Amino acid sequence: MTEVSMRARDAMTEDISLLAFLSHYLDRELPARPPRADHMPWGWEGHILFADMLVRGVRPRLLVELGTHTGVSFFAFCEAVRAAWLPTRCIAVDTWKGDEQAGFYGEEVYADVAAHAEAHYPLIATLMRMPFDEALASMDEASIDILHIDGLHTYDAVRHDFDAWLPKVRPGGIVLLHDVAEQREGFGVWKLWLEIAPLSPETCRFPHSHGLGVWRKPGGPALDDVFLRALLASGPEASAAVQAMILHLHRQMRCRRQLAERDEQARDLDRRRHAAETACADLHTRLADLHAYLADLEQRQASLMASRSWRMTRPLRAIAAWARSVLAGHAGRAGRD
Ligand SMILES: C[S@@+](CC[C@H](N)C(=O)[O-])C[C@H]1O[C@@H](n2cnc3c(N)ncnc32)[C@H](O)[C@@H]1O
């Protein structure tokens with residue numbers, strides 16, 4: 001076999017492995033379990049599928065997230081770890097008080113996240129409720145395989161978080177930066193991205209859902225995972241094609257979830273319609289019973305009035321009616337006096 005045909009065969013094997021990897025996601029549900037359904041439509045929702053792919057590709061021992069809030073991203077990572085049966089430790093660092101961009105929030109958010117972590121990921125999730133800088137001391141150098149930075153998104157804050165935490169990431173580890181596409185006033189992740197992207201040959205940047213930068217720390221071994229190789233190390237065209245496929249799969253999953261939600265709503269409406277119809281039929285039956293009862297009463301009244309005793313007691317009823325009217329008049333005058 002010539003070198004050219006060997007290269008073509010290797011490329012084809014690579015493509016087939018990649019397709020096999022991606023086909024795992026066809027016809028599947030969104031791999032996420034947020035604490036509450038109303039937490040889903042958050043900015044991070046569009047990256048949930050990628051979180052699963054990344055975790056499968058990296059097989060991290062330690063994953064750290066800076067900025068968890070309601071846990072959309074954190075539980076996407078935890079769920080990916082659980083689904084792949086990995087022995088990964090996922091650490092979430094947050095004050096769970098909020099910040100000027102995410103907004104400040106109450107104790108119930110932390111209570112929700114802690115209860116969800118305890119209920120579903122007791123062996124996977126660890127919550128560190130403290131400022132990022134304080135958590136630094138408890139992390140070993142070069143120990144983190146995946147670091148997700150999603151705290152305050154001002155340039156100064158994100159630059160500080162990146163610089164402070166980078167030594168904790170192992171060479172070849174992955175740093176994720178959320179909101180990298182956000183250009184609103186006060187957001188500076190895009191600026192940090194411009195500075196750090198040239199420092200690594202293995203990066204990519206998803207533009208959707210506020211943007212997610214994927215940055216591989218230089219110095220690690222060559223990537224051995226076919227998906228990560230295609231995304232980060234096979235050039236811009238291959239990376240763009242993989243990104244497009246991920247987005248397509250994500251949209252497909254989202255449509256399927258929306259369809260399932262609509263189906264559930266339709267089933268609920270059907271149940272309510274059925275209950276209303278049953279109640280209506282019940283009312284009709286009771287109305288028919290009342291009509292029958294009324295007809296019976298009318299008939300009895302008619303036969304009573306036609307009876308001899310009724311006719312004979314007519315003078316008595318007239319006297320009683322007269323007495324009632326006299327008494328009523330008397331009572332009325334007494335009241336006025
Ligand atoms: C954008 S939210 C995180 C969103 C989350 N990743 C998701 O998927 O929905 C930012 C969070 O970072 C936290 N935060 C910001 N700066 C922090 C700091 N220096 N130390 C600890 N927590 C911080 C805030 O409390 C807030 O909950």
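The values are calculated or read from the model by the stated rules, or taken from the named source; none is laboratory data. The model shown is predicted, which means the values in this text are computed figures rather than measured ones. Note that each Cβ is placed from the backbone with ideal geometry, even for glycine, and that neighbours are counted across all protein chains shown. When the accessible area is computed, the model is the full protein with side chains, heavy atoms only, and any ligands, DNA or RNA have been set aside. Shrake-Rupley method; radii C 1.70, N 1.55, O 1.52, S 1.80 Å.
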Of (1) out of contact with any helix residue (DSSP H, G or I) (no Cβ under 7 Å at 6 or more places or on another chain); (2) under 24 Å from Asp161 (Cα atoms); (3) crowded, with 22+ Cβ neighbours inside 10 Å; (4) not acidic (Asp, Glu), Lys97 satisfies every one except (3)
For the stretch 196-222, give me each residue that is out of contact with any strand residue (DSSP E or B) (no Cβ under 9 Å at 6 or more places or on another chain) and in contact (Cβ under 8 Å) with a residue 24 or more places away in the chain.
Pro207, His208
Of everything in the stretch 233-263 that's within 28 Å of the chain's Cα centre (by Cα) and closer than 15 Å to Thr203 by Cα, which residue is surrounded by the fewest Cβ atoms within 10 Å (Cβ to Cβ)?
Ala240
Restricting attention to the stretch 164-209, report how many residues are touching a helix residue (DSSP H, G or I) at 6+ places or on another chain (Cβ under 7 Å) and part of a loop (DSSP other than H, G, I, E, B).
9
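A quick yes/no check of all residues on (1) open to solvent by less than 60 Å² (accessible area, probe 1.4 Å); (2) outside any helix (DSSP H, G or I):
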| site | (1), (2) |
| --- | --- |
| His116 | yes, no |
| Pro122 | no, yes |
| Ala142 | yes, yes |
| Val158 | yes, no |
If we scan the stretch 128-135, do we find a residue that is assigned by TED's automatic domain parsing to the domain that holds Val93 and away from the ligand (no atom under 13 Å from the Cβ)?
no
Checking the conditions here, which among Ala102, Ala111, Ala83, Ala115 is within 12 Å of the ligand (Cβ to nearest atom) and either within 27 Å of His160 (Cβ to Cβ) or within 20 Å of the chain's Cα centre (by Cα) (or both)?
Ala102
Could you grab me the full set of residues in the stretch 139-175 that are touching a residue at least 40 places away in the same chain (Cβ under 8 Å) and of a type in the set (A, V, I, L, M)?
Met139, Ile144, Ile146, Leu147, Ile149, Leu152, Leu166, Val169, Ile174, Val175
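Yes or no: the stretch 65-80 includes at least one residue that is open to solvent by less than 50 Å² (accessible area, probe 1.4 Å), farther than 22 Å from Gly43 by Cβ and at pLDDT 95 or above.
no
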